[in-house]
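These notes concern the structure reproduced below.
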Amino acid sequence: MSDVALAALADVLRLPNLIASMMGVFFGLFIGASPGLTISLGMVLLLPLTFTLAPVTSFCLLLGLYAAGMTGGSISAILLNIPGTPSASATAVDGYEMAKKGRAGEAIGTAVISSFFGGMFSLGCLVLIAPAIAKFALRFGAPELFALVLLGLTLICSFGQRSIIKGLISGVIGLIFMTVGLDNLMGIPRFTFGYVELQAGVSFLPALIGLFAIPQILEGIVIGVQVIPKYEAKISGLLPRFKDITKLFKTMVLGASVGTGIGAIPGAGGPIAVFLSYDYAKRISKNCSLFGTGHPEGVAAPESANNGVAGGAMIPMLTLGIPGDPITAILLGALMIQGLTPGPLLFQANAQFVYSVFWAFFVANIMVLFLTLSTIKVWVRLLQVPKRILLPIIAILCIVGSYALHNTFFDTGVMLFFGLLGYFMKKYEFPVVPMLLAIILGPALEEHMRMSLIISQGDPSIFIKHPISLVFIIISLISFMGPLVGRMRAHREG
Amino acid sequence: MRRTNIFISIILFAFTGYYAYLITELPTRNIPHTLGADFMPWVLTVCLLLLSSLLFLESLFYKREKQRVGRISLKEVAGILSLLAIIVAYITAMIYFGYVFITPLFMAAMMLMSGSKKLKEIIFFPIGITLAVYIFFYRFFNVLLPGGKIF
């Protein structure tokens, strides 16, 4: 093992970082297990805490949340048949059936162990693949980087679930917000309306908090409090027998491979991975008829895929600076808050930090395994926290968090503005994720495009003259047209 | 939903027009072979105009299944406005009295709005949570919390 990797391990094992990991894991388990609270929401609520922390400590906190949130989602899916996160939907199918038969403990144990396996498998892939991609990406100049960011933005299409037009509008409005502030090349203030606070542009943290958290508060309080059923039965026998786990090994390898592969494809996301792995596991299983009736393989496959996605999604985020889903987009934002530039240069300039991220994810997965199994009864109790208490707490964290960025209420106003916008967007079926992607990637898109055109003295053919850039542009076009063609075909087939 | 989409596309047209007007007001600086500060905004204006037109035409000619989503009732508007009023009042009060004194009142008001009826819950939870956030953010993580002008 290299000196840098060992130094990174020593850093992650420092007490403050271990405490941060543990806090992230506890918070993540709570967020994941609570139906209606998403991992993205948990991330944006914790982001303000990371301002004053060292980069490694803040990533220990956030990755603990990420890994635990993915696992936590299965607790409510198994006990209540309500997936805590969208990625836990497939777990509910067999997990809840097992719980109904009095095997809730075994189902949770299988889910936690499979999640751990998935997390570790994807981490292995991340460690092996990421440095090679980063090394290759070091050859990128402004045209390649522009084409890469463009590729990231075409993911917008895959998030426009109901209407691609609405998804694109959401993305374009996000880009428009990113034109606010001092123009980097000319030094001209744009759309600042005389506010000094806007000269640095729209702060993305208040925007993120607003888009994700405020609609949930407004929905919860204004539309009504959702009642979550209580889980009354006793949970026992959490640890499956070693013999049972070895029987699930093949299923876990399949789930983890599917999860890591799908996670690494920007825009594909967890829900696709878990249902695909469930389907594949069913096809190759000797007991395929037992799927859906409470079969452990039906829990192991989606759960290993679920956590496999986490490591997979970090591959494009760390190596290319392209977020694969909303969670990695927020992680990307966390990197920027720490003054680190995601992408290939991160591996060169901050190699120790990159290794720390790997180790932090490793430690987080181990903590999730032990803390979930040892504190499962606490989480079952916490599932019952009424929303009349939970929502006001979230509201306070949002207001305090957005204030903490620059110690000014201007950012709180920005947060409220985006919150209202997010609420109405949700109401009228405009997805907010494209706006989030545009807010994160917008400035880089404009900067690299203009830099490229300066290099080529205004000749736009620079983007197709560079082979790597051309490849990215072709993939962008395919990625952009794919969902459109699919939608048209589905429409024609009625 | 069709009518709502038509209404939204009209709002988007208006917004695009206003944005285009703002772009024309931007100061210009000519540097050879360099795109001006207004280049990207113009590209985005064209994109938004195109997409708004597509949404408008789609809503006009493409009949989708009837949906009742998207309607906002008066009760909902009143709920949103009152919640916003409470948040704005909280922020304004915090400027003068600071985080520690005002937050329990704000949280109690939010809990009442969320349907909390138990007096003990309304008194003790806000105080406990306020102190927990204070200790966690300010003492533990050194994150500054709003301090009032008076307290």
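Each reported figure results from applying straightforward, stated rules to the coordinates on display, with no laboratory input. Keep in mind the model is a prediction, meaning the values are calculated, not measured. A quick note on method: Cβ atoms are made from the backbone with ideal geometry, for glycine too, and the neighbour counts reach across all protein chains shown.
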Stick to Cα atoms and the Kirkwood definition of Rh, then tell me Rg/Rh for segment A:1-95.
-> 1.10
Computed on Cα atoms only, the convex hull of segment A:400-451 has an orientation-averaged projected area in nm² of 4.7 nm²
Taking neighbour Cβ counts within 10 Å as the exposure measure, how do B:Ile129, A:Ile439 sort from fewest upward?
-> B:Ile129, A:Ile439
Ranked list, fewest to most other Cβ atoms within 10 Å of each Cβ, for B:Leu26, A:Leu145, A:Leu138 = A:Leu138, B:Leu26, A:Leu145
What's the percent breakdown of Cα-Cα distances in segment B:74-140 across 5 Å bins, shortest bin first?
-> 4, 17, 22, 22, 20, 10, 4, 1, 0
When each of A:Lys101/A:Lys387; A:Lys387/A:Lys427; A:Lys426/B:Lys117; A:Lys286/A:Lys377; A:Lys377/B:Lys117 is checked by Cα-Cα distance, pairs over 23 Å = A:Lys101/A:Lys387; A:Lys426/B:Lys117; A:Lys286/A:Lys377; A:Lys377/B:Lys117
Of A:Tyr403, A:Gly64, A:Val414, which is farthest along the charge dipole of the protein assembly as shown in the positive direction, counting Lys and Arg as +1 and Asp and Glu as -1 at C-beta?
-> A:Gly64
Tail beyond 14 Å, pair distance distribution of segment B:2-61 (Cα, percent) | 60 percent
Descending principal axes extents, segment A:40-190, alpha-carbon based, whole Å = 67, 38, 32
Work out the length of the dipole vector of the protein assembly as shown about its Cα centre, built from +1 on the beta-carbon of each Lys and Arg and -1 on the beta-carbon of each Asp and Glu, and round it to the nearest 20 debye.
-> 1820 debye
Give the share of C-alpha pairs in each 5 angstrom bin for segment A:71-156, from 0 to the last occupied bin, in whole percents, shortest bins first.
-> 3, 14, 15, 13, 10, 10, 10, 10, 8, 5, 2, 1
Asserting the computed 222 nm helical MRE of chain A (DSSP H runs at least 4 long, -39500 (n - 2.57) per run, divided by residue count, to nearest 500) equals -24000 deg cm²/dmol
How far is helix A:242-264 tilted off the main Cα axis of chain A, in degrees rounded to 10, range 0 to 90?
-> 20 degrees
Chain B: radius of gyration and largest Cα-Cα distance (Dmax), Å = 24.2, 70
Give me the orientation-averaged projected area of the Cα convex hull of chain A, in nm², one decimal.
-> 24.1 nm²
Please arrange A:Asp325, A:Asp183 by counting, for each residue, the other beta carbons lying within 10 Å of its beta carbon, fewest first.
-> A:Asp183, A:Asp325
